[in-house]
Amino acid sequence: MGSEYIAPGDITKKANPGKATILALGKAFPHQLVMQEFLVDGYFKNTNCDDPELKQKLTRLCKTTTVKTRYVVMSEEILKEYPELTVEGLPTVKQRLDICNAAVTRMAIEASQACIKTWGRPKSDITHLVYVSSSEARLPGGDLYLARGLGLSPETHRVMLYFSGCSGGVAGLRVAKDIAENNPGSRVLLATSETTIIGFKPPSPDRPYDLVGVALFGDGAGAIVIGSDPVPFAEKPLFELHTAIQNFLPNTEKTIDGRLTEEGISFKLARELPQIIEDNIEGFCNKLMKIIGLKKQDYNKLFWAVHPGGPAILNRMEKRLDLLPEKLTASRRALMDYGNASSNTIVYVLEYMIEESLKMKKQDHGDGEWGLILAFGPGITLEGILARNLTV
């Protein structure tokens with residue numbers, strides 16, 4: 001595993017009293033780095049499949065996803081120990097959970113340690129823990145193993161969000177914001193951790209949609225410290241979380257469909273997903289924008305930290321909202337470097353957002369103080385936070 005902390009940069013703005021802020025970011029990854037150009041041959045070799053039609057389809061998908069690199073827990077060593085993972089139809093959920101439970105805890109610990117390091121305060125100051133994952137299932141849950149692994153106080157208040165999919169990271173931020181603002185002086189650690197091993201399967205002509213996941217998804221972990229009223233000189237806030245909302249779209253439950261079976265998790269992503277998001281994104285964003293008096297003609301005055309579910313979603317958003325190309329640069333960079341890492345990805349997007357903001361500041365393009373943090377997940381669920389970038 002590898003981890004790193006994300007430096008806060010040059011902080012110039014102050015947060016509003018009582019409003020939750022992001023105080024630090026951290027991330028961690030498994031050691032296995034996959035270059036997209038070598039993925040197809042490796043995947044078909046590891047799964048003992050030689051179907052030329054499926055191989056050709058995956059090759060096309062790998063090019064259209066725009067992903068260049070990803071980190072994964074899966075390795076040749078794991079496949080040698082668990083060869084049944086590459087065999088169609090075998091009940092392997094126990095083996096998968098044994099691998100996943102250990103891996104997501106390990107990555108979450110490393111991401112959290114990196115985050116706490118850059119935050120600069122002792123871990124004993126963490127009062128609450130919010131843990132997000134769609135890659136494990138056990139009692140007690142991963143929140144307890146993370147708290148124990150970090151050496152947090154037994155009095156730490158824990159919340160666990162399971163199987164929220166790609167919207168889980170922003171959902172966790174929403175929950176952490178509520179906790180921070182309703183418990184003065186509290187410091188909330190949000191940790192997300194995901195691995196695709198829970199849904200790893202050999203290619204099959206009966207499941208062509210599986211190849212989309214093979215071409216798109218990655219593994220890793222993210223961590224964020226959230227709190228209100230930052231301590232001067234001791235804490236450097238990155239973003240203020242002003243208002244958070246969540247909507248689900250009725251009658252879209254089957255659009256992102258995941259089932260935990262004896263063979264692991266089986267996912268189906270409907271073709272119409274990007275279209276549904278495009279049709280609903282404008283009204284959802286406008287609910288947040290009107291809070292500060294902005295209208296749809298003001299989209300390009302905002303920064304956009306969007307979970308990159310895939311290039312089609314980003315492209316449709318950009319077109320529908322008439323966004324300047326640079327507005328989604330942070331999301332596209334995260335997708336290119338890490339793939340869609342489910343709930344973790346918003347942490348990587350926020351990291352790149354800080355980098356992009358500092359570049360804009362040096363070029364005297366100082367707008368973009370206000371913006372939206374967005375993600376889309378099963379439901380279909382839309383998660384959104386109106387935020388202030390305190391680094392610009």
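The values are calculated or read from the model by the stated rules, or taken from the named source; none is laboratory data. The shown structure was predicted, so the numbers you read here are calculated from the model rather than taken from an experiment. Note: ideal-geometry Cβ built from the backbone for every residue, glycine included; neighbour counts use all protein chains shown. Heads up: the accessible areas ignore ligands, DNA and RNA and are worked out on the full protein's heavy atoms, side chains in. Shrake-Rupley method; radii C 1.70, N 1.55, O 1.52, S 1.80 Å.
The residue that is surrounded by the most Cβ atoms within 10 Å (Cβ to Cβ), counting only those in the range 81-137 that are outside any helix (DSSP H, G or I) and among the hydroxyl-bearing types (Ser, Thr, Tyr), is SER133.
For residues that are open to solvent by 70 Å² or more (accessible area, probe 1.4 Å) and outside any loop (DSSP other than H, G, I, E, B), scanning just the range 1-12, find the one that is modelled with the lowest pLDDT.
First, pick out the residues of the range 1-12 that are open to solvent by 70 Å² or more (accessible area, probe 1.4 Å): 4-5, 10, 12.
From what's left, outside any loop (DSSP other than H, G, I, E, B): 4-5.
Details: GLU4: 52, TYR5: 44.
Across the range 1-12, the extreme among qualifying residues is TYR5.
The set of residues from the range 293-309 being among the aliphatic types (A, V, I, L, M) and either touching a His at 6+ places or on another chain (Cβ under 8 Å) or under 15 Å from LEU382 (Cα atoms) (or both) comprises ALA305, VAL306. The strands (runs of 3 or more DSSP E) found wholly in the range 154-251 and carrying at least 3 residues that are open to solvent by less than 20 Å² (accessible area, probe 1.4 Å) occupy 188-194, 220-228, 239-248. For the range 358-370, the criterion of being touching a Pro at 6+ places or on another chain (Cβ under 7 Å) and touching a residue at least 24 places away in the same chain (Cβ under 8 Å) is met by none of the residues. Yes or no: GLU263 crowded, with 16+ Cβ neighbours inside 10 Å and either aromatic (Phe, Trp, Tyr) or out of contact with any helix residue (DSSP H, G or I) (no Cβ under 6 Å at 6 or more places or on another chain) (or both)? It is true that GLU263 is crowded, with 16+ Cβ neighbours inside 10 Å and either aromatic (Phe, Trp, Tyr) or out of contact with any helix residue (DSSP H, G or I) (no Cβ under 6 Å at 6 or more places or on another chain) (or both).
Screening the range 13-72 for residues that are outside any loop (DSSP other than H, G, I, E, B) and β-branched (Val, Ile, Thr) and picking the one that is surrounded by the fewest Cβ atoms within 10 Å (Cβ to Cβ) gives THR64. Scanning the range 335-350 for residues that are farther than 27 Å from GLY220 by Cβ and in contact with a strand residue (DSSP E or B) (Cβ under 8 Å, 6 or more places away or on another chain) turns up nothing.
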